[in-house]
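These notes are about the structure you will find just below.
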Amino acid sequence: RVVDVMTAFPGLLLSILLVAVWGGGMWKVIAILGFTSWVGVTRITRAQLLALREKEYVEAAQVIGRHPIIIMARHVLPNVMGPVLVIATINLALAIIIEATLSFLGVGIPATEPSLGTMLRIGNDYLFSGEWWITVFPGAALAILVLAVNLLGDWMRDAFNPKLR
């Protein structure tokens with residue numbers, strides 16, 4: 001039920017609320033993003049585990065007397081890793097975007113520490129003065145970083161997929 005309650009709140013709004021209560025700072029923002037990002041991974045992991053425990057190979061391993069830890073390590077974990085890694089890398093990319101959003105709004109990481117959101121906020125003041133690159137390059141770096149994290153997750157899904165081995 002805790003997961004259902006956490007799913008009811010949008011991650012960005014909950015992050016803004018928690019930053020407003022606890023204050024900014026790099027470690028606080030990291031803790032807040034970790035607190036708001038675990039829900040998707042938990043739901044996917046639980047769904048995969050519930051589906052895999054009914055598979056024939058798991059039941060066969062139980063019948064022959066395999067220890068539950070060995071069943072988890074050999075049969076269940078390799079089949080769960082693919083979807084969990086994909087959702088974890090998607091959540092990582094989303095956390096990067098949320099951190100940049102919080103810093104862009106001025107409530108995340110302080111302006112004295114480097115952040116793409118802070119660079120976008122500062123560059124936004126110079127956008128129409130002919131110095132467009134101050135905004136475009138941090139925005140492009142943010143887009144490329146999120147794309148790279150998503151492509152890494154896709155590659156990891158293919159690498160850990162036991163059906164492709």
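Determine the relative contact order of the range 13-88: mean sequence separation of Cα pairs under 8 Å and six or more apart, normalised by residue count, in whole percent. Please list the in-between numbers first.
Numbers: 33 pairs, mean separation 23.8, N = 76.
Here the relative contact order equals 31 percent.
Using the alpha-carbon centroid of each, what span in Å lies between the range 30-97 and the range 108-140?
38
Counting Lys +1, Arg +1, Asp -1, Glu -1, what net charge surrounds VAL146 among other residues with beta carbon under 15 Å of its beta carbon? Provide the component values of the computation, followed by the final result.
On the way: positive: none; negative: GLU99, ASP154.
Result for the neighbourhood of VAL146: -2.
Please list, in chain and number order, the residues 5+ apart from GLY25 or on another chain whose amide H is under 5 Å from its amide H, with Hs placed from the backbone.
Amide H to amide H, under 5 Å and 5 or more residues apart or across chains, GLY25 pairs with ILE109.
For the full complex of protein chains and a 1.4 angstrom probe, list PHE128, PHE9 by accessible area with the highest value first.
Working: PHE128 195, PHE9 115 Å².
So, going from the largest accessible area down, we get PHE128, PHE9.
For the chain, what D do you get in µm² per second when you plug the Kirkwood radius from alpha-carbon pairs into Stokes-Einstein at 4 °C and 1.567 mPa s?
Details: Rh = 18.4 Å.
Result for D is 71 µm²/s.
Using a Förster distance of 45 Å, how high is the FRET efficiency between ARG1 and TYR126, based on the Cβ-Cβ distance and rounded to 0.05? Show your work: numbers first, answer last.
Values: r = 49 Å, r/R0 = 1.08.
My answer for the efficiency is 0.40.
Work from the charge dipole of the chain (Cβ charges, +1 for Lys and Arg, -1 for Asp and Glu, about the Cα centre) and give the residue of GLY108, THR135, ILE69 farthest towards its positive end.
Most positive-ward Cα: ILE69.
If you roll a 1.4 Å probe over the heavy atoms of the protein chains, what accessible area per residue do you get for the range 72-165, in Å²? All intermediate terms of the calculation are to be shown ahead of the outcome.
Numbers: 5670 Å² over 94 residues.
About 60 Å² of surface per residue is accessible.
Could you run the Karplus curve 6.51 cos²θ - 1.76 cosθ + 1.60 with θ = phi - 60° over the range 97-109 and give me ³J(HN,Hα) per residue in whole Hz, x for Gly and Pro?
Residue by residue, the range 97-109 yields 5, 5, 4, 5, 5, 4, 5, 5, 6, x, 10, x, 6 Hz.
From the Cα gyration tensor of the range 71-165, with a ≥ b ≥ c the square roots of its eigenvalues, which class applies: rounded if a/c is under 1.5, or else prolate if a/b is larger than b/c, or else oblate?
Prolate, because a/c is 1.5 or more and a/b exceeds b/c.
Could you give me the percent of Cα pairs per 5 Å distance bin for the range 22-119, shortest bin first, beginning at zero and ending with the bin that holds the maximum distance?
2, 12, 18, 14, 11, 10, 9, 7, 7, 5, 3, 1, 0
With Cβ to Cβ distances under 15 Å as the rule, what net charge do the other residues near ILE30 carry (K, R +1; D, E -1)?
Details: positive: LYS28; negative: GLU99, GLU113.
Once positives and negatives cancel, what remains is -1.
Which semi-axes, in whole Å and largest first, does the equivalent ellipsoid of the range 10-77 have when worked out from the alpha carbon gyration tensor as the square roots of 5 times its eigenvalues?
Details: eigenvalues 326, 29, 7 Å².
Calculated on Cα positions only, the semi-axes equal 40, 12, 6 Å.
Which value, in debye to the nearest 20, gives the size of the charge dipole of the range 50-154 about its Cα centre, when Lys and Arg are +1 and Asp and Glu are -1 at the Cβ?
Numbers: 5 positive and 8 negative charges, 81 e Å.
Here the range 50-154 has a charge dipole of around 380 debye.
Would you work out which of LEU17, ILE144, ASN161 lies farthest towards the positive end of the dipole of the chain, given +1 charges on the beta-carbon of Lys and Arg and -1 on that of Asp and Glu, about the Cα centre?
So the residue furthest toward the plus end is ASN161.
Using per-residue counts of other Cβ atoms within 10 Å, averaged over each peptide, order 17-24, 111-118, 81-88 from highest down.
On the way: 17-24: 13.6, 111-118: 16.0, 81-88: 18.9.
Order by mean packing, descending: 81-88, 111-118, 17-24.
The values are calculated or read from the model by the stated rules, or taken from the named source; none is laboratory data. Source: prediction; values computed, not measured. Methodologically, a virtual Cβ is constructed for each residue, glycine included, from the backbone with ideal geometry; neighbour enumeration extends over all protein chains shown. Side chains are part of the model used for accessible areas, which takes the heavy atoms of the whole protein and leaves out ligands, DNA and RNA. Shrake-Rupley method; radii C 1.70, N 1.55, O 1.52, S 1.80 Å.
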